[in-house]
Amino acid sequence: MLNKETVLKALSGVDDPELKKPLTELGMVRSVTIDNATVKVEIALTVPGCPLKDKITSDITAAVTQIEGVDNVEVTFGVMTDEQRQALKEKLGQAGAGQSGDGTATHIAKRFIAVSSGKGGVGKSTCTVNLAVALTKIGYKVGLLDADVYGFSIPRMLGLTGQPTQLDDKLVPLRWGDNLQAVSMGFFVAEDEPVIWRGPLLHKAINQFLTDVVWDDLDFLLLDLPPGTGDVTLTIAQALPSAELLVVTTPQATATHVAGRVAKLAEKTKLSVLGVIENMAYFEVNGHKEYVFGRDGGKMLAERLGVNLLGEIPLETSIREGADAGQPVAHTGTDAQQGTFEGIARRIVAVSS
Ligand SMILES: Nc1ncnc2c1ncn2[C@@H]1O[C@H](COP(=O)(O)OP(=O)(O)OP(=O)(O)O)[C@@H](O)[C@H]1O
Ligand SMILES: [Mg+2]
């Protein structure tokens, strides 16, 4: 039956695309009017010119036309008043509630995984993105914080463009699929522009990415670290003392050197080491494995650190292509590629933190 209640009930099944909560619950439905077989819905947006208008319109139309007797749905948009935005922020409650009393940000997620390496270019970002995707595929809510403020690569690797919505002092991360949220400096500056900041600003940026962001109720927050073992890791260790270091290595890295660096990093930051991923482990041609960069570096590193080797990822052109095209292989790759990352994700889940 067509009446205001049935329309509101239908709208309660429509989520805001960014906040992933029903429009009705977020106080975004300003009015519903019924004129014979035409239903008019006015939506109050958090910000004017919200890029998701089309999506909201089609979702509302799809939901409301389900009601018997509806021929036509008209969706119009207004903007929330300051009070309404305030009420919305309060409703979002814990999410993005700022720092805990002790200055940490540990309430954001159940587990924090900082992806690091003894040296640059080994595939940290590639692994982080694919792992994040794999974790969502096995049912977890995941946040991805691009802590490589100068050399960000997460937006490109996930194919995310555009700027996050700002809800006063809070930032709504961009989404990849339903259950992966991401923040990166790359959402604010052009890819070919250098980001030149001094240490204290860097520290502040990372902390803002943790606390001034409307994160979902996350199971995992993955942090893609910049190469090296510098300041950013210390900042993260301070804000997230329970974070676990996930170490990515290539096979040739003489285990002792890299192990030493990672062990020192863990010691300096008092973070635990979760495990090791060996990336670019081999290149397979006609069923024959070529150990281009040597062999077993990951295994040796894991042994020296006293942790598990969580997986070995081959060197494959399509992994690089997927990263460049914003199509992570954990999502669009071969069954083997998807299986590799899902396997690592499951092993991470199984490690009791
Ligand atoms: N298994 C793989 N097979 C093929 N190419 C890969 C693989 N892993 C990473 N790459 C490619 O290697 C390059 C470096 O990877 P990535 O940017 O992930 O490394 P990184 O450790 O994050 O680098 P940085 O230290 O600069 O942050 C990228 O072009 C990426 O696409
Ligand atoms: Mg990187």
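The values are calculated or read from the model by the stated rules, or taken from the named source; none is laboratory data. Quantities reported herein were computed from a predicted structural model and do not represent experimental measurements. Neighbour counts are summed over all protein chains in view; Cβ atoms, including those assigned to glycine, are modelled from backbone coordinates with ideal geometry.
Could you list, in sequence order, the residues of region 150-166 that are within 13 Å of ligand 1 (Cβ to nearest atom) and touching a Phe, Trp or Tyr at 6+ places or on another chain (Cβ under 7 Å)?
Result: 155, 158.
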Selection from region 202-231 of residues touching a residue at least 60 places away in the same chain (Cβ under 8 Å), away from ligand 1 (no atom under 15 Å from the Cβ) and either polar (S, T, N, Q) or on the phi > 0 side of the Ramachandran plot (or both) yields 207, 211
Any strands (runs of 3 or more DSSP E) falling wholly within region 262-323 and containing at least 3 residues that are touching a Gly at 6+ places or on another chain (Cβ under 9 Å) and free of Cβ contacts under 8 Å to residues at least 40 places away in the same chain: 272-279, 308-313
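Any idea which residue in region 310-349 is nearest to residue 130 (Cα to Cα), counting only those that are of a type outside the set (Val, Ile, Thr) and within 16 Å of ligand 2 (Cβ to nearest atom)?
If we filter region 310-349 for residues that are of a type outside the set (Val, Ile, Thr), which is where we start, we get 310-312, 314-316, 318, 320-328, 330-331, 333, 335-339, 341-343, 345-347.
Now narrow it down to the ones that are within 16 Å of ligand 2 (Cβ to nearest atom): 320, 322-324, 326, 328.
Details: 320: 12, 322: 10, 323: 9, 324: 13, 326: 11, 328: 6 Å.
Going through the qualifying residues, I end up with 328.
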Those residues that are at pLDDT 60 or above and in contact with a Ser or Thr (Cβ under 8 Å, 6 or more places away or on another chain), I need them from region 80-99; list them, please. 80, 85, 88
Across region 4-21, what is the total count of residues that are modelled with pLDDT under 95 and not charged (D, E, K, R)? 2
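Here is a yes/no grid of residues against (1) crowded, with 23+ Cβ neighbours inside 10 Å; (2) over 20 Å from residue 321 (Cα atoms); (3) basic (Lys, Arg):
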residue: 144; (1), (2), (3): yes, yes, no
residue: 166; (1), (2), (3): no, yes, no
residue: 181; (1), (2), (3): yes, yes, no
residue: 187; (1), (2), (3): no, yes, no
residue: 191; (1), (2), (3): no, no, no
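Matching residues to (1) within 14 Å of ligand 1 (Cβ to nearest atom); (2) surrounded by fewer than 20 Cβ atoms within 10 Å (Cβ to Cβ); (3) assigned by TED's automatic domain parsing to the domain that holds residue 113; (4) within 22 Å of the chain's Cα centre (by Cα):
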residue: 280; (1), (2), (3), (4): yes, no, yes, no
residue: 294; (1), (2), (3), (4): no, yes, yes, no
residue: 312; (1), (2), (3), (4): yes, yes, yes, no
residue: 315; (1), (2), (3), (4): yes, yes, yes, no
residue: 320; (1), (2), (3), (4): yes, yes, yes, yes
residue: 326; (1), (2), (3), (4): yes, yes, yes, yes
residue: 332; (1), (2), (3), (4): no, yes, yes, yes
Within region 218-239, work out how many residues are modelled with pLDDT under 95 and not in a helix (DSSP H, G or I). 6
Only one of (1) modelled with pLDDT of 90 or more; (2) under 30 Å from residue 198 (Cβ atoms); (3) within 16 Å of ligand 1 (Cβ to nearest atom) fails for residue 118. Which number is that? (1)
Counting only residues in region 127-139 that are buried (at least 24 other Cβ atoms within 10 Å of the Cβ) and β-branched (Val, Ile, Thr), the one farthest from ligand 1 (Cβ to nearest atom) is identified as 133
